[in-house]
Amino acid sequence: LYRGDPERLVRVPWWAQAGPSVTRREAGRFFTQGDGWSPVTGCTEAGRVFTDVHCGDQDWPFIQAFYEHGITGGCGSGNFCADFTITRGQMMVFLLKVEHGAGFDPGPCVGNIFTDVTCAGQFDAWIEEASQEGLTGGCGGTLFCPNNPITEWQTAVFVNKPVIAPNYRSIPGGS
């Protein structure tokens with residue numbers, strides 16, 4: 001993806017944004033490894049945070065670190081839902097918490113950036129903040145597509161923008 005030219009990284013064409021979607025399990029592993037966090041060790045069945053991620057799960061150390069850094073509280077009812085696909089809206093929460101810390105508050109949603117982000121959705125304030133920080137320009141036109149599954153390509157672009165091109169501002173129709 002990155003071949004020495006930041007413009008190639010942050011301007012992935014729409015047709016290249018297709019591909020496999022990213023699961024919560026993959027996000028836990030990706031962010032833990034990518035941010036240099038140490039995977040958690042010493043799992044006991046009685047001490048597990050998520051009832052659906054057992055000590056024998058190869059990704060437990062990464063999912064647990066994802067939790068311990070305050071990036072996720074799971075998907076509800078004590079579960080992590082490791083194999084659920086992440087939406088574009090959910091990814092904005094992960095990205096901003098990883099970048100700014102677990103206690104980050106994106107502030108109130110205004111509802112004037114994307115026509116499909118109306119401040120009624122639980123991730124809408126996060127989406128607007130990500131846009132204001134230049135992490136996303138939406139999925140085309142005036143849309144963000146918050147409920148669409150996020151692809152591996154889109155994830156790579158979102159994650160690398162602050163690292164490779166910190167002063168780059170997304171353009172409408174970007175990622």
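The values are calculated or read from the model by the stated rules, or taken from the named source; none is laboratory data. All values derive from a computational prediction rather than experimental measurement. Cβ sites come from the backbone with ideal geometry, for glycine too, and all protein chains shown count toward neighbours. Surface accessibility is based on the protein's heavy atoms, side chains included, excluding ligands, DNA and RNA. Shrake-Rupley method; radii C 1.70, N 1.55, O 1.52, S 1.80 Å.
So which pairs qualify, if the first residue must be in the stretch 48-65 and touching a residue at least 12 places away in the same chain (Cβ under 8 Å), the second must be among the basic types (Lys, Arg) and in a loop (DSSP other than H, G, I, E, B), the Cβ gap must be under 7 Å, and the two must be at least 6 apart or on different chains?
Matching pairs, first to second residue: CYS55/ARG48.
Being touching a strand residue (DSSP E or B) at 6+ places or on another chain (Cβ under 8 Å) and either at pLDDT below 95 or of a type in the set (Gly, Ala, Ser) (or both): is that true of ALA82 here?
yes
When you go through (1) modelled with pLDDT under 95; (2) more than 20 Å from the chain's Cα centre (by Cα) one by one for THR115, which number turns out not to apply?
Here THR115 meets the rest and fails (1).
From the list GLY74, GLY36, exactly one residue is open to solvent by less than 70 Å² (accessible area, probe 1.4 Å), modelled with pLDDT of 85 or more and within 19 Å of the chain's Cα centre (by Cα). Which is it?
GLY74
With respect to the numbered conditions (1) without any contact (Cβ under 8 Å) to a residue 60 or more places away in the chain; (2) touching a helix residue (DSSP H, G or I) at 6+ places or on another chain (Cβ under 6 Å); (3) among the aromatic types (Phe, Trp, Tyr), which one is the sole condition not fulfilled by PHE31?
Failing condition for PHE31: (1).
Restrict the check to the stretch 2-14 and report whether at least one residue is at pLDDT below 85, within 15 Å of the chain's Cα centre (by Cα) and either of a type in the set (Val, Ile, Thr) or buried (at least 17 other Cβ atoms within 10 Å of the Cβ) (or both).
Within the stretch 2-14 (the criterion being at pLDDT below 85, within 15 Å of the chain's Cα centre (by Cα) and either of a type in the set (Val, Ile, Thr) or buried (at least 17 other Cβ atoms within 10 Å of the Cβ) (or both)), the answer is no, since none of the residues qualifies.
Within the stretch 96-110, does at least one residue satisfy the condition of being open to solvent by less than 30 Å² (accessible area, probe 1.4 Å), among the aliphatic types (A, V, I, L, M) and in a helix (DSSP H, G or I)?
Within the stretch 96-110, one or more residues are open to solvent by less than 30 Å² (accessible area, probe 1.4 Å), among the aliphatic types (A, V, I, L, M) and in a helix (DSSP H, G or I).
Please give the number of the condition ALA125 fails out of (1) of a type outside the set (S, T, N, Q); (2) touching a residue at least 24 places away in the same chain (Cβ under 8 Å); (3) out of contact with any Phe, Trp or Tyr (no Cβ under 9 Å at 6 or more places or on another chain); (4) in a helix (DSSP H, G or I).
Going through (1) of a type outside the set (S, T, N, Q); (2) touching a residue at least 24 places away in the same chain (Cβ under 8 Å); (3) out of contact with any Phe, Trp or Tyr (no Cβ under 9 Å at 6 or more places or on another chain); (4) in a helix (DSSP H, G or I) one by one, ALA125 breaks only (2).
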